[in-house]
Amino acid sequence: MRLVALPAYSPDFNPDEAIWDWAREEVTANTCFGTAVKVREQMDRFFAALAERTAEVKQRCRKELQAQADALMVAAS
């Protein structure tokens, strides 16, 4: 385990940001739903399905965060 000092606000190291990027990638990218209600329905469906995709959630969040932490450690060296 390594301790990495983060800035006060660091969205790049927030796992929630990785999930939102994933949601945009799979649900809203290059798509016009026409209404906010339709966007909400699709996003709700995506988030509900994450319960069945726990391994992928862990892998995606961990991969992004670890890659960024590794890059930070190299830059600090």
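Run lengths n ≥ 4 of DSSP H only: what is the helix-derived mean residue ellipticity at 222 nm for the chain, with -39500 (n - 2.57) per run over all residues, to the nearest 500?
Mean residue ellipticity, 222 nm, calculated: -19500 deg cm²/dmol.
Identify which of A23, A49, A36 has the largest mean-square fluctuation in a Gaussian network model of the chain, with springs joining Cα atoms closer than 10 Å.
Maximum fluctuation in the GNM of the chain, among the listed residues, is at A36.
As a test of understanding, state the convex hull volume per residue of the stretch 32-77 from its alpha carbons, in Å³.
91
Taking the dipole about the Cα centre of the chain, with the C-beta of Lys and Arg at +1 and of Asp and Glu at -1, give me whichever of A48, V27, V4 is farthest to the positive side.
A48
The list [x] 71, 30, 22; [y] 49, 24, 20; [z] 59, 21, 19 gives values of Cα extents along the principal axes in Å, and only one came from this structure; which label was calculated from it?
Correct label, based on the coordinates given: [y].
Only the coordinates and a few stated rules stand behind these numbers; no lab work does. Fair warning: this is a prediction, and the values are worked out from it, not measured in the lab. Cβ coordinates were reconstructed from backbone atoms using ideal geometry, including for glycine residues, and neighbour counts include every protein chain displayed.
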